[in-house]
Amino acid sequence: MLWYVGYVVLFVDDLDPLIEFYAKKVGFPVRLRAEGYAEFAVEGAKFALLARSRMTEILGKEHTASPSPNAHQSAVTMLVDDVDRTFRELSSRGVPFLGSPADRPWGQRSVFFRDPEGHLIEIATNLPRPERMGV
């Protein structure tokens, strides 16, 4: 059986400001907009926002508790050609980064930002890797 990531969906409290943030500051074109939902035109898995208010309808009231404030439940990583250039461009648009791009031990150069609702987003560029011997 083949598995692949099809969607990354962030649950949000206030949809419109998040759509504006990702469309205008980050620069993702809006591909689809429906009631309580927005999907952006990015390569690879689809990236979308879903109003948290829709969760009761989708999962039922007993499964829709909100996470604790300031708790990082997950992170979304977006791969770009040049993380330093993207960092400069998004910084000039007011995207609030948590530090500067850095080389990571897992083979990427990356930097994180939080969107207006606190979701942790990483932008990264894969670093060249030496040939692995015996793998």
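For the reader, a short list of remarks on this structure follows.
- Ranked by the mean number of other Cβ atoms within 10 Å per residue, highest first, peptides 116-125, 92-101 order as 116-125, 92-101.
- Under a model in which nothing but the beta-carbon of Lys, Arg (+1) and Asp, Glu (-1) is charged, the stretch 4-44 shows a dipole of about 200 debye around its Cα centre.
- By average C-beta atoms within 10 angstrom, highest first, the peptides 48-55, 22-29: 48-55, 22-29
- Difference of contour (0.36 nm per residue) and Cα-Cα distance, Arg88 to Val30: 18.6 nm
- Order by protection proxy (mean Cβ within 10 Å, highest first), peptides 5-12, 83-90: 83-90, 5-12
- Once the Cβ-Cβ distance of Asp81 and Lys61 is raised to the sixth power relative to R0 = 35 Å, the FRET efficiency obtained is 0.20.
- Those lysines that a straight Cα-Cα span of less than 28 Å connects to Lys61, excepting residues fewer than 8 apart in one chain: Lys46
Readers should treat all values here as calculations from the given coordinates under stated rules, not as data from a laboratory. A quick note: this is a predicted structure, and the numbers were derived from the prediction, not measured. Note that each Cβ is placed from the backbone with ideal geometry, even for glycine, and that neighbours are counted across all protein chains shown.
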